[in-house]
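Here the structure comes first, spelled out in structure tokens, and everything after it is commentary.
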Amino acid sequence: MKLYDLPGPPSPRRIRIFLAEKGVEVETVPVNIREGEHMQEAFASKNKRRTIPALELDNGTVLTESDAILRYLEEKFPEPPLFGTDPEERAVVNNWLHIIDVDGFCAVADALRNSISRFENRALTGSRDIAQIPELAERGAKRIDYFFEDLEEQLNGQTYVAGDSYTVADICALVVVDFAGMAKKDIPDNCPNIKRWHEEVSARPSAQA
Ligand SMILES: N[C@@H](CCC(=O)N[C@@H](CS)C(=O)NCC(=O)O)C(=O)O
């Protein structure tokens, strides 16, 4: 198994934290997306979507989406369970993974990629050139506020995003909250639950991955 990876960007970090929580080491291949290495044939022939992370399995299959990679790794390395331990907990984890991705990750990506000059004509990841839309950056920033509001409410009275156990929902939420910081959206002062939770999950050794 090989993980195409780079320290810094949010999506590969989800996989590294997950692997660290599992105590599993995987061969990694750095792909420097800042220098356009993902557009070169060596990587593009492996992943035509030209994004990281990508996980190349031992049978040659290449998984290109973080969600699929995380679910594959959970099946391969079931201990400790990170997707919940019963149908109800799994359902809440899955529910929140969707919210974190759509309301959190996509909001931050819209805010950043539609405003920063480095992403001019690269407003979406992938092989296509796509123009920035400044209004989407504005809307993204507003959606980050709403995401914080919803996460704050979810963490009220419970330790972790999906309940009393640390799960992949905490990993993905941590990555999104730190990603929001890159868009200059820090945890708002009126979100004590997120602040308490963020301190706790950031203190786990896996958060350094
Ligand atoms: N669908 C992918 C998207 C991953 C993604 O957005 N990766 C970014 C880094 S965080 C990337 O590869 N960007 C390349 C680019 O900006 O062209 C997933 O969820 O795993």
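Here, each number is a calculation from the coordinates, and none is a lab measurement. Please read all numbers here as calculations on a predicted model, not as lab measurements. Cβ atoms come from the backbone with ideal geometry, glycine included; neighbour counts cover every protein chain shown.
Here the relative contact order of the chain, from alpha carbon pairs under 8 Å that lie six or more residues apart, stands at 21 percent.
Can you tell me what share of the DSSP beta bridges in region 2-76 is antiparallel? A percent to the nearest 5 is fine. All intermediate terms of the calculation are to be shown ahead of the outcome.
On the way: 5 of 9 bridges.
So the antiparallel bridges amount to about 55 percent of the total.
Of all DSSP bridge pairs formed entirely within the chain, close to 55 percent run antiparallel.
Would you mind ranking M39, M182 so that the residue whose beta carbon has the fewest other beta carbons within 10 Å leads the list?
Numbers: M39 11, M182 14.
The fewest-first ordering by Cβ neighbours comes to M39, M182.
Among the lysines of the chain, pairs at least eight places apart or on separate chains and with Cα atoms under 20 Å apart come to 10. The distance from the alpha carbon centre of region 98-145 to that of region 1-68 is 21 Å, rounded to a whole number.
Across region 93-98, coupling constants 3J(HN,Hα) worked out from phi with the 6.51/-1.76/1.60 Karplus curve, θ = phi - 60°, read 4, 5, 4, 6, 4, 5 Hz, and Gly and Pro carry x. Pick out, from G104, L73, Y4, the residue whose Cα sits farthest towards the positive end of the charge dipole of the chain, with +1 on the Cβ of Lys and Arg and -1 on the Cβ of Asp and Glu. The residue sitting farthest along the positive end of the dipole is Y4.
Using the Cα gyration tensor of region 87-208, with a ≥ b ≥ c the square roots of its eigenvalues, what is the shape: rounded (a/c below 1.5), prolate (a/b larger than b/c) or oblate (neither)? Spell out each step's value before the answer.
Details: a/c = 2.09, a/b = 1.81, b/c = 1.15.
Because a/c hits 1.5 or more and a/b exceeds b/c, region 87-208 counts as prolate.
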